[in-house]
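Take a look at the structure below.
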Amino acid sequence: MSYIVNRNDRLNVLVEDLTHDGAGVGKVDGYPLFIPGALPGEEVDVHVTKTMKKYGFARLLNVTKESPDRVEPPCHVFSECGGCQLQHLSYEGQLVQKRKTVRDVMDRIGKLPHVPVHAVKGMDDPWRYRNKSQIPFSERNGDIVSGFYRTRTHHIVDTDVCIIQSEVADDLMTALKQELHGLGIEAYDELTHRGMLRHLVVRKGRATGEIMVVLVTNKKKFPQKDAVVELIKKVVPNVTSIMQNVNNQKTNVIFGEETICLHGKSFIVDSIGDIDFEISARSFYQVNPEQTEVLYGQALEYAQLTGDESVIDAYCGIGTISLFIAQKAKEVYGVEIVPQAIEDAKRNAELNGMDNAYFEAGPAEVVIPKWYADGKRFDVLVVDPPRKGCDEELLNTILEYKPKRVVYVSCNPGTLARDLRILEDGGYRTQEVQPVDMFPHSSHVECVAWLEL
Ligand code: SAH
């Protein structure tokens, strides 16, 4: 008779796998137990905390046989903070695991066991890579706390250091925490909706070193603003831009509608490859610029442009991939659902003197069929959809008009595999998949897939 797992059982289990959010998976007579903190290959003592019909959860008590890839997490709040999931796994081990994740979904969901999935392109130095930090502030027992939210909660794990963000973000977070009360400023309290400072947002141009600091405040009237500007200038003497964003809503959304310039310019400039981008307080911009270059470079390589092609960049954001492609193609048509991002894309095309990039705001699944209906034809289609993958209507349009090459950039291997299967069934062949590590120490992995008709 097979063993039935019950809540509060204490068991020793062999960990066989890792979930997409970084928990170990052990099986007891075929019944999966999710064990945060455990690694594949390990034998662990666990305490079962919850059981459901098909799976359960357990707390790691003790590792009785350790994985050779286990390392001491360098961050002192790793076990409490929800920002990273894999710091207890060596970086090499993370890359192996991420490739396996992609391989698994290609086989299981995509039914594409013959398609090569290459080794993940990782970073030489996978720390301090983020160019944007969004740090919540709050009051707790008369003190200011700031840091990052514990997973699935609004509890701030107080810290002065985050080793995946920039040093300047650490310095600002610490200085504000120490000095705000002295300046008569309180941090925001979500429960009472009182207090001034809600979030500190820091953005840094990797190529230019330009720095923007945004203070998200609960009120527009901010009497101590000159003192705070002076404090920020003391911490970052060469700061490019200090902005105030007003958000007086009871909401989880970080930014409000109104943004005011307190010092310097209202944007910073950064470049990817040869292309410059203006980034304002609320612009979408990739958070790991070093790996963005790797990701876009791979997309460009798969697009195999000679200079004669008409290319679509679907889900183009502020046109970063579009402008990369515009340098090597006859023309690029970018489409994106957020109108503000399309404004940024047009401005960035102009800033770089590019006159062969066209942008239109709207849903890709509506705008692209319209371009085709207007008689436009395209040689290559690049898509970079959000986590839910491509809209079905867009896939239908691809299968109707059949551009000869599709380059699919994806932040979710599961929906990538699903969409590749649909395109395969409609006549495309997936040539290769190249994973790229955009978020070291998290469980995320990006991929670029190359398809030919
Ligand atoms: N390619 C860009 C952005 C990719 S993120 C870059 O690399 O920076 C995915 C983008 O798809 C987001 O900007 C989101 O606003 C946009 N989006 C989401 N649904 C969409 C839809 N139906 N049509 C067009 N764009 C959409």
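Derivation of every value follows stated rules applied to the coordinates shown; laboratory data play no part. Keep in mind the model is a prediction, meaning the values are calculated, not measured. Ideal geometry is used to build each Cβ from the backbone, glycine not excepted, and the neighbour counts take in all protein chains shown.
Annotations
- The range 352-381 and the range 424-441: distance between their alpha carbon centers, rounded to Å: 23
- 18 Å Cα-Cα threshold exceeded, pairs from Lys65/Lys121; Lys177/Lys233; Lys132/Lys220: Lys65/Lys121; Lys132/Lys220
- Label-point separation in nm, Leu453 to Glu258, each point 7 Å along Cα→Cβ: 5.3
- Fewest-first sequence of Ile260, Ile4 by Cβ atoms within 10 Å of each Cβ: Ile4, Ile260
- Length available on full extension from His114 to Ser79: 0.36 nm per residue minus the Cα-Cα distance, which gives 8.8 nm.
- Inter-part distance where the range 93-160 and the range 225-275 are each reduced to a Cα centre, Å: 25
- Set of lysines near Lys330 by C-alpha distance (under 21 Å), chain-local residues within fewer than 8 positions excluded: Lys346, Lys370, Lys376, Lys402, Lys404
- Gyration tensor analysis over the Cα atoms of the range 189-333 returns equivalent ellipsoid semi-axes of 37, 17, 11 Å (largest first, whole Å).
- Computed log10 I(q)/I(0) for the range 91-196 at 0.11, 0.19, 0.20 Å⁻¹: -0.55, -0.96, -1.02, from the Debye equation with unit scatterers placed on every C-alpha and solvent omitted.
- Full extension of the chain between Glu43 and Asp189 yields a length gain of 48.2 nm, computed as 0.36 nm times the residue separation minus the alpha carbon distance.
- Estimated translational diffusion coefficient (Stokes-Einstein, Kirkwood radius over Cα pairs, 20 °C, 1.002 mPa s) of the range 66-114: 172 µm² per second.
- Cα point-scatterer Debye curve for the range 1-159, base-10 log of I(q)/I(0) at q = 0.15, 0.19 Å⁻¹: -0.98, -1.25
- Between the range 162-177 and the range 286-327, the alpha-carbon center distance in angstrom: 32
- Rounded to the nearest 20, the Cβ-based charge dipole of the chain about its Cα centre (Lys and Arg +1, Asp and Glu -1) stands at 1100 debye.
- Taking a point 7 Å out from the Cα of Arg150 in the direction of its Cβ, the residues of the range 79-119 whose backbone N falls within less than 16 Å of it are 79-84.
- The slack in the chain from Gln224 to Asn248, taken as 0.36 nm per residue of separation less the alpha-carbon distance, amounts to 6.9 nm.
- Taking a Cβ cut-off of under 11 Å around Tyr428, the surrounding Lys, Arg, Asp and Glu residues balance to a net charge of +1, with basic ones at +1 and acidic ones at -1.
- Taking Ile211, Ile321 and counting other C-beta atoms within 10 Å, the order from fewest to most: Ile211, Ile321
- Ellipsoid semi-axes in whole angstrom, largest first, where each is sqrt(5λ) of the Cα gyration tensor of the range 10-65: 15, 12, 10
- The equivalent ellipsoid of the range 302-428 has semi-axes of 22, 16, 14 Å, largest first, where each one is the square root of 5 times an eigenvalue of the Cα gyration tensor.
- Spin-label model, Val71 to Lys100: label points 7 Å out along the Cα-to-beta-carbon direction sit 1.7 nm apart.
- Going from the fewest other Cβ atoms within 10 Å to the most, the residues Tyr358, Tyr302 appear in the order Tyr358, Tyr302.
- A dipole drawn for the chain from +1 and -1 charges on Cβ atoms has a positive end, and of His118, Pro385, Thr159 the residue lying farthest that way is Thr159.
- In the chain, the DSSP-assigned H stretches of four residues or longer account for a calculated mean residue ellipticity at 222 nm of -7500 deg cm²/dmol, using -39500 (n - 2.57) per stretch and the full residue count as denominator.
- Histogram of C-alpha separations across the chain, 10 Å bin width, %: 4, 18, 25, 25, 19, 8, 1, 0
- Kirkwood hydrodynamic radius of the range 132-272, from inverse mean 1/r over distinct Cα pairs, in Å: 15.2
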